[in-house]
Amino acid sequence: MRLPAQHVVRPIHADDMGKRYSFFYLIGCVASAFAGILAYGLMQMGGLQGITSWRWIFIIEGVLTGTIGIIGYIFLVGFPDDKTKYWGFLNDREKQWVINRVNADRGDANVEAFSMKKFLGAGLDIKVWGYALIFFDSTTLAYALAYFLPIILKDGMGFGVAEAQCLGAPPYVFAGIIMFATAWVGDRYHIRGPIILFNMVLCLIGLPIMGWASAPAVRYFGVFLVTAGANANVPAVMTYQANNIRGQWKRAFCSATLVGMGGVGGIAGSLIFRTQDAPLYRPGMYACIACCGLSVIITVLLMLRFKTLNAKADRGELTLEGSEDGFRYTY
């Protein structure tokens, strides 16, 4: 699609960022919805060619992942200021429009020379680690559900193997709806912290229902709330840090901490629900509740700090993020 000549460049951080991150993560969330169904289907190949069912799952899903990775490497386009031609994807005017929008958003579309001082100096900013901890909490919950939801449904709630695999899909579909709805609200009203708090409240309501209710149907309802809150929080945290970080190398350091702590969350999530804790998995539930509580505390502290710093900037007492263009934190 070609852009109209009169198209006006506008900042994107306030009214686009949340939906963009959510749409990107939504693809993975929807894929997770059908992962259990796919796994159950592949289990039916058990014994074929003398290979057990779980090996077929690794083989087929590994081949699919590798194939998509190769296709992505071939067709993935670079940043608009790259001189390489990518399949005629954008013309020169459209590339300049993208660069202008990035500059309008964060003022760093032009690549700066690498500075170790700027890169490591970002670690002195306490909010960078606040984002990382919230992301760790969110990914811990999200990975724990991805790894163990079928097991919890089978051993903890009494569903059969086929039922457990298939019942894992609807909560992720619901999570996708909540994810995009909260992103739209955050973009529409220029808020980020309240979205994270809302997602964590969903988890704090859902976890006790999931862990302590007696009826399997009621506990399954709790799964919907926890899955929605945990997964919707991943793009919400990514948006929160993206809106409030300026400078390429500080952004690079913040992204590295986010990715790193997300990986650590994956490790933690794989260890939370232990076999010896079946069928109620109470220690895992307590750990998830603690993660949610920590995220709430950090988010509230960040919101209060941003509000205070914005007020000082409005009075002309300081410049935020070294930016002279009137930058204000989105809280």
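The values are calculated or read from the model by the stated rules, or taken from the named source; none is laboratory data. Just so you know, these numbers come straight off a predicted model, no measurement behind them. Glycine gets a Cβ as well: all are built from the backbone with ideal geometry, and neighbour counts include every protein chain shown.
Values for this structure:
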read-out: Filtered residue count, the range 272-296, keeping only those that are surrounded by 12 or more Cβ atoms within 10 Å (Cβ to Cβ) and in a helix (DSSP H, G or I); value: 16
read-out: Members of the range 192-223 found to be surrounded by fewer than 18 Cβ atoms within 10 Å (Cβ to Cβ) and outside any helix (DSSP H, G or I), listed by number; value: A213, S214, A215
read-out: Only listed residue being under 14 Å from the mean Cα position of the chain (by Cα) and either at negative phi or at pLDDT 95 or above (or both), chosen from G269, G262, G293; value: G262
read-out: Failed item in (1) of a type in the set (V, I, T); (2) within 16 Å of F135 (Cα to Cα); (3) assigned to a helix (DSSP H, G or I), with I245 passing the rest; value: (3)
read-out: The range 301-331: number of residues that are surrounded by fewer than 14 Cβ atoms within 10 Å (Cβ to Cβ), of a type outside the set (K, R) and assigned to a helix (DSSP H, G or I); value: 5
read-out: Which listed residue, of A181, A162, is within 23 Å of V201 (Cβ to Cβ) and either assigned to a helix (DSSP H, G or I) or of a type in the set (F, W, Y) (or both); value: A181
read-out: Candidates G160, G193, G156, G186, filtered to the one that is more than 30 Å from K307 (Cβ to Cβ) and touching a residue at least 60 places away in the same chain (Cβ under 8 Å); value: G156
read-out: Pick from the range 95-118, criterion surrounded by 15 or more Cβ atoms within 10 Å (Cβ to Cβ) and among the charged types (D, E, K, R), ranking: modelled with the lowest pLDDT; value: D108
read-out: Residue within the range 112-125 that is over 24 Å from L38 (Cβ atoms), without any contact (Cβ under 8 Å) to a residue 60 or more places away in the chain and part of a loop (DSSP other than H, G, I, E, B) present; value: yes
read-out: The one condition in (1) buried (at least 19 other Cβ atoms within 10 Å of the Cβ); (2) touching a Lys or Arg at 6+ places or on another chain (Cβ under 9 Å) that F135 fails to fulfil; value: (2)
read-out: Subset of the range 160-169 (residues that are farther than 15 Å from I27 by Cα and surrounded by fewer than 19 Cβ atoms within 10 Å (Cβ to Cβ)); value: G160, V161, A162, E163, C166
read-out: Boolean, Q49 is loosely packed, with under 11 Cβ neighbours inside 10 Å and modelled with pLDDT of 75 or more; value: yes
read-out: Candidates T257, T239, filtered to the one that is farther than 27 Å from G158 by Cα, surrounded by 22 or more Cβ atoms within 10 Å (Cβ to Cβ), among the polar types (S, T, N, Q) and in contact (Cβ under 8 Å) with a residue 40 or more places away in the chain; value: T239
